[in-house]
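The values are calculated or read from the model by the stated rules, or taken from the named source; none is laboratory data. The model shown is predicted, which means the values in this text are computed figures rather than measured ones. Here Cβ is always computed from backbone atoms with ideal geometry, including for glycine, and neighbour counts include all displayed protein chains. Ligands, DNA and RNA are excluded from the accessible area calculation, which covers all protein heavy atoms including side chains. Shrake-Rupley method; radii C 1.70, N 1.55, O 1.52, S 1.80 Å.
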Amino acid sequence: MTEVAFWILTALAGGRQHGYAILGDVEQLSAAAVSLRVTTLYATLERLERDGHVRRAGDETVDGRARRYYELTENGHQALALEAERLAARLRAAESRLAAPRAAHSRPAPATMSWGLAQ
């Protein structure tokens, strides 16, 4: 799963949203580490819809602007849960290694060359 898809699915796990709300939610959830462009958002939503992870959940017009709403499907919920578990396993592995005492890095002995020459 791409990082963009992960953040969009995570945003939609909170409930039905329209595109611009998803943009803001992704930025907030990622602590501003991810700022999606509108074209990236809608291209990813189309792919997620084709894959059965999201579905359109209505349209409305507000102040003359059309808003299309999306929601997570059960498939999308399961995909996000699997990705979250995969990421958690990676985190546990890294934390385990970081918590372990560091092995002393021994340096190899300086190389000596012996050409079999008598002195």
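Couple of notes before you dig in:
- Angle between the chain longest axis and helix 74-99 axis [Cα atoms, degrees, rounded to 10]: 30
- Option label - Kirkwood radius over Cα pairs in Å computed here, alternatives (i) 16.8; (ii) 17.6; (iii) 18.3: (ii)
- Per-residue [θ]222 nm for the chain (sum of -39500 (n - 2.57) over DSSP H runs n ≥ 4, rounded to 500): -16500 deg cm²/dmol
- Other-chain or far-sequence residues with amide H under 5 Å of VAL54's (modelled H): GLU49, THR73
- Contact order normalised by residue count of region 39-90, Cα under 8 Å, 6+ apart, percent: 28
- One decimal place: the segment THR61-ARG16 gains 14.6 nm when fully extended, by the rule 0.36 nm per residue minus the C-alpha distance.
- Solvent exposure of region 1-100 amounts to 63 Å² per residue of accessible area, where only protein heavy atoms count and the probe is 1.4 Å.
- Treating r as the C-beta distance of ALA33 and ARG97 and R0 as 25 Å, the FRET efficiency rounds to 0.60.
- Computed label-point distance, nm, for sites ASN75 and ASP51 using a 7 Å Cα→Cβ extension: 1.1
- Under a model in which nothing but the beta-carbon of Lys, Arg (+1) and Asp, Glu (-1) is charged, the chain shows a dipole of about 520 debye around its Cα centre.
- Only Lys, Arg, Asp and Glu carry charge here, each on its Cβ (+1 for the first two, -1 for the last two); on that basis region 2-59 has a dipole of about 120 debye about its Cα centre.
- Carbon and sulfur %, accessible surface of region 1-76 computed with the full protein complex present, 1.4 Å: 46
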